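Q: Next up is a structure, given as structure tokens.
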Amino acid sequence: YRFNSVIVRTPSQSVVNGLRADDRGNPTHAGVKAEHDAYIAAMRDAGVEVTVLPALEAFPDSVFVEDPALVFTEGAILLRPGAETRMKETAEIAPTLRDLFDTVLDLPSGYADGGDVLTTPKSVMIGLSARTDRTGAEALASCLDRLGRKAEVVATPEGVLHFKTDCSLLDDETVLSTARLARSGVFEDFRQVIIPEGEEPAANALRVNDVVMVGSDFPRTIEMLDRLGYKVVPLKTTEIGKIDAGLSCMSLRW
Ligand code: CIR
């Protein structure tokens, strides 16, 4: 969770048509843009250098740069997103990653979304989901091996978009998780902080250096983390939440 740099992408006007599992109404472009601007400002305050890529009208979900690639200080991996409409986002981000990283690997087969990947000091956890299949997860594990990283393939709870929809890393030993994900036992080697019932989307929080960014719609989670001694930065996620996104989705971090 110690990062020097992040990549983000400006939301397109088409973001209002972003993919979602349940329709709770379209987000507004202005609303997403405001949430995105505040996110960039919070990143800079947290001490990271932010590269802002231009909006891509042809890709409504392209603001969620976390999904088409994976980055580490050792190198980047170009993924194959599991949603048809998002597949070609990889080619859009590739030139930037080739500029910034000496080593850029390509996922050779299967499907994998970055939202299904949780990097921890113990391993890189890859959650199988509707977006990440077994072939993609295993191909990704070999790419990670080439970067010197240990991978672990795990399950995502049924009906949850991405593995990281339901969890985030709070520090080297601690994860923030929904009860439904924690119940699966994937985090038994960690200290676990469980999201209060009813605030499940708050699990997609984001630790960056000294702060934990948390959705401002989740007061009980904020209070809990505050009491545990974390420095919480609440950020609005109401609009991106309508298209199933949270705080990790909007950046690539290394
Ligand atoms: C999608 O369904 O792909 C987008 N509407 C939301 C992606 C969220 N990304 C993430 O959790 N990493």
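Q: Go through region 37-63 residue by residue and tally those that are closer than 22 Å to residue 81 by Cα and not in a strand (DSSP E or B).
A: Counting residues in region 37-63 that are closer than 22 Å to residue 81 by Cα and not in a strand (DSSP E or B) gives 10.
Q: If I ask for residues that are buried (at least 18 other Cβ atoms within 10 Å of the Cβ) and without any contact (Cβ under 8 Å) to a residue 60 or more places away in the chain, which ones from region 106-118 would you list? Reasoning before the result, please.
A: As a first pass, look at region 106-118 and keep what is buried (at least 18 other Cβ atoms within 10 Å of the Cβ): 107, 111-118.
Across region 106-118, the qualifying residues are 107, 111, 112, 113, 116, 117, 118.
Q: Just one of 193, 214, 233 is away from the ligand (no atom under 16 Å from the Cβ), part of a strand (DSSP E or B) and free of Cβ contacts under 8 Å to residues at least 60 places away in the same chain; which is it?
A: 193
Q: For the list (1) part of a helix (DSSP H, G or I); (2) surrounded by fewer than 18 Cβ atoms within 10 Å (Cβ to Cβ), I need the number of the one condition that residue 221 fails.
A: Only one criterion in (1) part of a helix (DSSP H, G or I); (2) surrounded by fewer than 18 Cβ atoms within 10 Å (Cβ to Cβ) is unmet by residue 221, namely (2).
Q: Still on this structure: Tally time: how many residues in region 6-47 are away from the ligand (no atom under 13 Å from the Cβ), among the hydroxyl-bearing types (Ser, Thr, Tyr) and either more than 20 Å from the chain's Cα centre (by Cα) or closer than 24 Å to residue 232 by Cβ (or both)?
A: Of the residues in that region, 2 qualify.
Throughout, read-outs are computed from the coordinates displayed, never taken from laboratory work. Treat the numbers as computed from the prediction; the structure is a model and nothing was measured. Cβ sites come from the backbone with ideal geometry, for glycine too, and all protein chains shown count toward neighbours.
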